[in-house]
């Protein structure tokens, strides 16, 4: 009788192990998505600095006040994008191992949404600065 009971627990044990493995796979997949977006945004760092320098130079050398104001505003948007990335990196905790699966998935989903927002702000600021700079080449 004991052998039969033990045999009944074996499938449950395998199911529990597979479930744990699936949970960790889901967590790792979402974590990788977050890091992938982060890495993409980090690639824009050079563009942010380059465009900011060009805008700041343009603002200092331009006689037209509206061009100066636009250059400064666009430069500030690049600062905001850069600061958003720094803030996100400062608060991101890559070790979620002490969280339950549900907590980890919620945390990672929230982080994905947050870094996606940083990505959007960054791309928008870079695109606007490129457009402006292409129209105001020195």
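Checked against the criterion of being closer than 30 Å to residue 55 by Cα and in a helix (DSSP H, G or I), the candidates 109, 104, 83 yield just one match: 83. Taking the criterion of being over 28 Å from residue 126 (Cβ atoms) and surrounded by 13 or more Cβ atoms within 10 Å (Cβ to Cβ), the residues of the stretch 67-105 that qualify are 96, 99, 101, 104, 105.
Within the stretch 82-98, the set of residues being at pLDDT 95 or above and closer than 11 Å to residue 27 by Cβ is empty. The condition of being more than 16 Å from the chain's Cα centre (by Cα) and assigned to a helix (DSSP H, G or I) holds for only one of 67, 63, that being 67.
Number of residues in the stretch 36-53 that are assigned to a helix (DSSP H, G or I) and either without any contact (Cβ under 8 Å) to a residue 12 or more places away in the chain or over 9 Å from the mean Cα position of the chain (by Cα) (or both): the value is 11. Answer yes or no as to whether residue 79 is closer than 28 Å to residue 102 by Cβ and at pLDDT 95 or above. So residue 79 does not fit the description; no.
The values are calculated or read from the model by the stated rules, or taken from the named source; none is laboratory data. Everything numeric in this text was worked out from a predicted model, so none of it was measured. Cβ atoms come from the backbone with ideal geometry, glycine included; neighbour counts cover every protein chain shown.
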